[in-house]
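*Asks:* Mind having a look at this structure? Questions to follow.
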Amino acid sequence: MIEVDLADPSFQANPHPAYAEWRRSGPIRRTRLPSGLTAWLVTRYDDARRALADPRLSKQSAFSVGSSAAANRPSGPAAILSRHMLAADPPDHTRLRRLVSAAFTARRIESLRPRIEEITRDLLDAIEGKDRVDLIDTFAFPLPIQVICELLGVPADDRDAFRDWSNVIVAGSQSGDRLEPAIRAMVGYILALIAERRSSPGPDLLSGLIQVRDSEDRLTEEELSSMVFLLLIAGHETTVNLIGNGSYLLLRDRSQWDLLRTGKELMPSAIEEFLRYEGPVETSTFRVATEDLEIGGTVIRAGEPVVIVLLSANRDEDRFPDAGTLRLDRAQNPHLAFGHGIHYCLGAPLARLEAQIAFTQLMDRHPDLRLAVPAEDLRWRPGLLLRGLHELPVVL
């Protein structure tokens, strides 16, 4: 059984060989995370799917059950950002999810299509005529951040600062002494936004959340701040990585790029395959066992943290034929990139729509796009939570 340092850049550049070995030799294993916390990692598909839906694995108790988990409980400004639905169990989760679900209905998401298409065209117009650009910086990042900012009613002027804070926060402990200042800055930013929207409400989602908070079925102040934080982070980070990782997969093997460019009918299945093969979220946020339970033949004791490795589960050879191969026409693809169960990603339809529009327009405008550097020279962002590239230099 191989042992690796999960914070090692070489592991984060390509964790798949280690995950493949763990699925074979130790699919449920106690491992020290980069934060220093010891947790059980779940790496096989069937175990992961069951664990994601198991009510005995608590999100809320992650901050109260067991000495090791309690030691990881956020305090100070970080606590303000930890009261969202991703960190809650029923009935709190049910109430919180209901309050925002109206903004993510299929009809509401589809109504955003014209505006997403317009934003995409504008971004591609801005790089027209240039020889070389960073596709993350000029396209994959600004598209979803502008969409979620407009949906929430957040000014996009501060998006560069917001991106810096987000990068530091999602990298967690690997950001070192930059983490606390980034959290403080993010909290201050969100509180100021809420104060502004409370005094001048509009038709946006943020104003709607404030009105809910001020009505009978209300959010607490911390819940409101946390919900805005979750929607801003989750509303753009996953799509940035979906577009970036998908572009990387296509450009490292131009036959895949040409296959999709000339066969756009494959776009829906291709996007699902990007999500499976190199998904934007590497692991779940951690859960804690509220009682002794068994996963994959291993006993997890009450109070012990559990992390589900989505990136590994999605390459499980027992669930996906030819799992280690990118197949844009894969028909059956029940991947776990957006989770499973009650915490399934509320914004998944929006991410899929943005990716479909982004790849379609990018290929139409720049059919000869190619990598500007060797694929092996690209750097992956630190941290276990998200899976994405620092930058993606391309020649137009």
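The values are calculated or read from the model by the stated rules, or taken from the named source; none is laboratory data. Treat the numbers as computed from the prediction; the structure is a model and nothing was measured. Positions of Cβ are backbone-derived with ideal geometry, glycine not excepted, and every protein chain shown enters the neighbour counts.
*Asks:* If you go through the stretch 191-204 one residue at a time, do you hit one that is surrounded by fewer than 17 Cβ atoms within 10 Å (Cβ to Cβ) and under 30 Å from Thr38 (Cα atoms)?
*Replies:* No; the residues of the stretch 191-204 include none that is surrounded by fewer than 17 Cβ atoms within 10 Å (Cβ to Cβ) and under 30 Å from Thr38 (Cα atoms).
*Asks:* Thr120 - would you say it is of a type in the set (Val, Ile, Thr), free of Cβ contacts under 8 Å to residues at least 40 places away in the same chain and in a helix (DSSP H, G or I)?
*Replies:* For Thr120, the condition - of a type in the set (Val, Ile, Thr), free of Cβ contacts under 8 Å to residues at least 40 places away in the same chain and in a helix (DSSP H, G or I) - is not met.
*Asks:* To continue, here is another question. Please name all residue pairs, on different chains or six or more residues apart, with Cβ atoms under 6 Å, provided the first residue is in the stretch 201-220 and is modelled with pLDDT of 80 or more and the second residue is outside any loop (DSSP other than H, G, I, E, B) and not aliphatic (A, V, I, L, M).
*Replies:* Every condition considered, the pairs that remain are Pro201/Ser207; Leu206/Arg197; Ser207/Arg197; Ile210/Arg197; Ile210/Arg198.
*Asks:* Say whether the condition of being more than 20 Å from the chain's Cα centre (by Cα), within 25 Å of Pro114 (Cβ to Cβ) and modelled with pLDDT under 85 is met by at least one residue in the stretch 175-198.
*Replies:* Checked against the condition, which is being more than 20 Å from the chain's Cα centre (by Cα), within 25 Å of Pro114 (Cβ to Cβ) and modelled with pLDDT under 85, the stretch 175-198 yields no hits at all.
*Asks:* Could you please tell me which pairs satisfy a Cβ distance under 8 Å, a separation of 6+ or placement on different chains, a first residue in the stretch 249-268 that is touching a residue at least 40 places away in the same chain (Cβ under 8 Å) and on the phi < 0 side of the Ramachandran plot, and a second residue that is assigned to a loop (DSSP other than H, G, I, E, B) and not aliphatic (A, V, I, L, M)?
*Replies:* So the pair list comes out as Leu249/Glu278; Arg261/Pro367; Leu266/Asp329.
*Asks:* Tell me, which helices (runs of 4 or more DSSP H) lie completely within the stretch 1-74 with 2 or more residues that are modelled with pLDDT under 95 and within 21 Å of the chain's Cα centre (by Cα)?
*Replies:* Counting at least 2 such residues, we get 9-13.
*Asks:* Kindly provide the set of residues from the stretch 132-173 that are among the acidic types (Asp, Glu) and either at pLDDT 85 or above or more than 18 Å from the chain's Cα centre (by Cα) (or both), ordered by number.
*Replies:* Of everything in the stretch 132-173, those that are among the acidic types (Asp, Glu) and either at pLDDT 85 or above or more than 18 Å from the chain's Cα centre (by Cα) (or both) turn out to be Asp134, Asp137, Glu150, Asp157, Asp158, Asp160.
*Asks:* While we're on this one: Please go through the stretch 167-205 and pick out each residue that is in a helix (DSSP H, G or I), touching a Leu at 6+ places or on another chain (Cβ under 8 Å), within 21 Å of Ile145 (Cα to Cα) and not aliphatic (A, V, I, L, M).
*Replies:* Passing the criteria: Gly172, Arg197.
*Asks:* Note down all Cβ pairs under 8 Å where the first residue falls in the stretch 87-99 and is part of a helix (DSSP H, G or I), the second is of a type in the set (Phe, Trp, Tyr), and they're at least six residues apart or on different chains.
*Replies:* Ala87/Phe63
*Asks:* Assess whether Ile210 counts as being surrounded by 18 or more Cβ atoms within 10 Å (Cβ to Cβ), in a helix (DSSP H, G or I) and over 23 Å from the mean Cα position of the chain (by Cα).
*Replies:* Considered against the rule, which asks whether it is surrounded by 18 or more Cβ atoms within 10 Å (Cβ to Cβ), in a helix (DSSP H, G or I) and over 23 Å from the mean Cα position of the chain (by Cα), Ile210 comes out as yes.
*Asks:* I need the full set of residues from the stretch 1-37 which are acidic (Asp, Glu) and farther than 15 Å from Glu317 by Cα, in order please.
*Replies:* Glu3, Asp5, Asp8
*Asks:* Can you pull out every residue in the stretch 310-344 that is among the small types (Gly, Ala, Ser), on the phi > 0 side of the Ramachandran plot and touching a Lys or Arg at 6+ places or on another chain (Cβ under 9 Å)?
*Replies:* Within the stretch 310-344, Gly341 is the sole residue that qualifies.
*Asks:* Here is a follow-up. Mind counting the residues in the stretch 353-396 that are under 15 Å from Gly244 (Cα atoms), charged (D, E, K, R) and assigned to a loop (DSSP other than H, G, I, E, B)?
*Replies:* 4
*Asks:* Still on this structure, I have one more. I need the full set of residues from the stretch 22-41 which are free of Cβ contacts under 8 Å to residues at least 12 places away in the same chain and closer than 15 Å to Ile308 by Cβ, in order please.
*Replies:* The one that is free of Cβ contacts under 8 Å to residues at least 12 places away in the same chain and closer than 15 Å to Ile308 by Cβ: Arg30.
*Asks:* For the stretch 366-396, enumerate the residues that are surrounded by fewer than 16 Cβ atoms within 10 Å (Cβ to Cβ) and small (Gly, Ala, Ser).
*Replies:* Result: Ala375, single match.
*Asks:* Okay, moving on. Quick check on my filter: what residues within the stretch 104-117 are in a helix (DSSP H, G or I) and either of a type in the set (Lys, Arg) or modelled with pLDDT under 95 (or both)?
*Replies:* Phe104, Ala106, Arg107, Arg108, Ile109, Glu110, Ser111, Arg113, Arg115
*Asks:* Evaluate the following for Leu231: is it without any contact (Cβ under 8 Å) to a residue 60 or more places away in the chain, closer than 27 Å to Val147 by Cβ and either crowded, with 16+ Cβ neighbours inside 10 Å or aromatic (Phe, Trp, Tyr) (or both)?
*Replies:* No, not satisfied.
*Asks:* Of the conditions (1) within 25 Å of Thr283 (Cα to Cα); (2) surrounded by 17 or more Cβ atoms within 10 Å (Cβ to Cβ), Cys149 fails just one. Which one is it?
*Replies:* (1)
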